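The values are calculated or read from the model by the stated rules, or taken from the named source; none is laboratory data. All values reported here derive from a predicted model rather than from experimental measurement. Every residue, glycine among them, receives a Cβ derived from its backbone with ideal geometry; neighbour counts consider all protein chains shown. For the accessible areas, the whole protein counts, side chains as well, though only heavy atoms, and no ligand, DNA or RNA atoms are used. Shrake-Rupley method; radii C 1.70, N 1.55, O 1.52, S 1.80 Å.
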Amino acid sequence: MEHITIKEMLSFLQIDELTPANIKKANSFNQHIYQCSECRKIYSDLCEAVETIEEATNRNNENIRILQACFKTSKESY
């Protein structure tokens, strides 16, 4: 059995349309992840890492919006 690469896993996570090709890809991907504990572990870890990065990015974006609002209120440039 050939393992799924991290690049393929990241590509899978970025699917945002339910096209016939993407549905076929998801089916194949999910079957492999279900059967292969090694890929399932890597995929699980990768999902956690992506979630952590997204949370950090969202916090940083919120902090930037707060700072921008503060500067606009004080009429200072930034």
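Quick notes on this structure:
- Residue within the range 66-73 that is of a type outside the set (D, E, K, R) and in contact with a Ser or Thr (Cβ under 9 Å, 6 or more places away or on another chain) present: yes
- Ile42 vs. criteria surrounded by 11 or more Cβ atoms within 10 Å (Cβ to Cβ), modelled with pLDDT of 90 or more, closer than 24 Å to Thr5 by Cα and among the β-branched types (Val, Ile, Thr): yes
- Some residue of the range 16-39 being open to solvent by less than 60 Å² (accessible area, probe 1.4 Å), of a type outside the set (Val, Ile, Thr) and farther than 19 Å from His3 by Cβ: yes
- Restricting the range 45-76 to residues that are of a type in the set (Ser, Thr, Tyr) and either in contact with a helix residue (DSSP H, G or I) (Cβ under 7 Å, 6 or more places away or on another chain) or open to solvent by less than 90 Å² (accessible area, probe 1.4 Å) (or both), the residue that is farthest from Ile4 (Cα to Cα) is Ser74.
- Taking the numbered list (1) open to solvent by 90 Å² or more (accessible area, probe 1.4 Å); (2) in contact (Cβ under 8 Å) with a residue 12 or more places away in the chain in turn, Phe12 passes all entries but (1).
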